[in-house]
Amino acid sequence: MILATILLLGAVLIAVAAPAALRRLTSTALPPGLLLAAWLGSMVGTLFFAGSAVVVLAWPDHAPAEAAAETLVRCLSTISHAVQPWITEILAGAGVLALATLAGRTLVLGRRHVQAQARLRTYHLQVISIVARSREDGVMWLDHPMPLAYSVAGRPGFVVATEGLSSCLSRGEREAVLAHERAHLNGGHHHIVSGCEILAAVFPAVPLFSAAPGAVRTLVELAADQHAVRATSAATVGAALTAVSSSILPQPAGTLGLSNETALRLRKLGATASVRCPKLSCATAAALSWTLPAVAAWGAVAAVSVLTCLALR
Ligand SMILES: [Zn+2]
């Protein structure tokens, strides 16, 4: 029961404290890939700890590592063993029921979300196929004087752009916009955002999950900007971003474009354009985002145990 408490405390700590901490880091010079890894790591960590807490509670006899946890927090273990077995059984039953309900809800809402996205993509592709021209660059070009570009996920995904992109922007700026959109497709950004939206629908009351879609949407834009900067330059991407964000054309639902969070992105262009995020750094950020709260949870329970020891003397 003590190990389950520590795991649950770790999950709550991540779910409540991570959004504010990660949001504060977004405006720093840290690369967006690193922050994206931290957001995703926090979400996986919360689910893992909460799920593990239920497994430990429902485990017959002592779960692995439970003895070690009880030795570390010796005084609490005496109280834990004094708790009537039926209380633990009720908690375990309630935990398993909650876990099964949430798993079922995730499946249902996830399936509904994926189907809605697929319908939107199919409809979009059918309409675009009729009204747009495809050139050698693989982009679907729409005959419209205002500059606009966006990417649509799928197998394969595709980029849609207006002729206004060619007439209003320089050649370099147009390449920057297209590099940005291709980065969304190559990075699987649509799927990452979709996953966050599903979890937000399943856990609307959990701060981490409800904040994730908006924050992750911004981070994938920043990550795509970085790719565009490598393909052109920070000044070119900045000019393209300014031109496209002034366009009055609305971006279709379910797509990723270039026209949100313009002020933050212009600020970050110079600061993070040259900073890369190696896979090892991203993996470390993801791991740290849930190991630090886990250590904090251990520390909190150990401190309570010491206080219990002193009280029992
Ligand atoms: Zn974008």
Mind running the shape call on the chain? Use the C-alpha gyration tensor, a ≥ b ≥ c as the square roots of the eigenvalues: rounded below 1.5 for a/c, prolate if a/b tops b/c, oblate otherwise.
-> prolate
Under a plain spin-label model, where a point goes 7 Å from the Cα along Cα-to-Cβ, how far apart in nm are L97 and S166?
-> 6.4
Among I128, S194, P145, whose Cα lies farthest out toward the positive end of the dipole of the chain, if unit charges sit on the beta carbon of Lys, Arg (+1) and Asp, Glu (-1)?
-> P145
Charges only on Cβ, +1 for Lys and Arg, -1 for Asp and Glu: so what's the dipole of segment 83-168 about the Cα centre, in debye to the nearest 20?
-> 280
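Would you calculate the volume per residue, in Å³, of the smallest convex hull containing every Cα atom of segment 111-277?
Details: hull volume 19.5 nm³, N = 167.
Measuring per residue, one finds 117 Å³ for the Cα hull of segment 111-277.
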For segment 153-218, fraction of C-alpha pairs farther apart than 20 Å, in % = 46
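Order Y150, Y123, most accessible first, counting only protein heavy atoms with a 1.4 angstrom probe.
Working: Y150 10, Y123 145 Å².
So the residues, ranked largest to smallest area, are Y123, Y150.
Could you size up the charge dipole of the chain around its Cα centre, putting +1 on the beta carbon of Lys and Arg and -1 on that of Asp and Glu, and report it in debye to the nearest 20? Could the numbers behind the result be given before it?
Values: 22 positive and 15 negative charges, 58 e Å.
Result for the chain is approximately 280 debye, rounded to the nearest 20.
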Along the positive direction of the dipole of the chain (beta-carbon charges: Lys, Arg +1; Asp, Glu -1; about the Cα centre), which of L185, A285, L99 reaches farthest?
-> L185
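How long is the gain from I87 to F48 if the chain were fully straight, where each residue apart is worth 0.36 nm and the alpha carbon distance is subtracted? Mind showing how you got there, number by number?
Working: separation 39, 0.36 × 39 = 14.04 nm, distance 2.36 nm.
Extra length available between I87 and F48 comes to 11.7 nm.
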Using a 1.4 Å probe on heavy atoms of the protein chains only, the accessible area for M140 in Å², nearest 10, reads 30
Farthest toward positive dipole pole in the chain [+1 Lys/Arg, -1 Asp/Glu at C-beta], among T162, A20, T255 | T162
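Accessible area per residue, 1.4 Å probe, Å², for segment 111-277: what's the number? Write out the running numbers ahead of the final one.
Working: 7770 Å² over 167 residues.
Per-residue value: 47 Å².
The values are calculated or read from the model by the stated rules, or taken from the named source; none is laboratory data. Computed from a prediction, not measured in an experiment: that's the story for all the values here. Because the Cβ atoms are built from the backbone with ideal geometry, glycine has one as well, and the counts that use them run over all protein chains shown. Areas reflect the complete protein model, heavy atoms only, side chains present, ligands, DNA and RNA absent. Shrake-Rupley method; radii C 1.70, N 1.55, O 1.52, S 1.80 Å.
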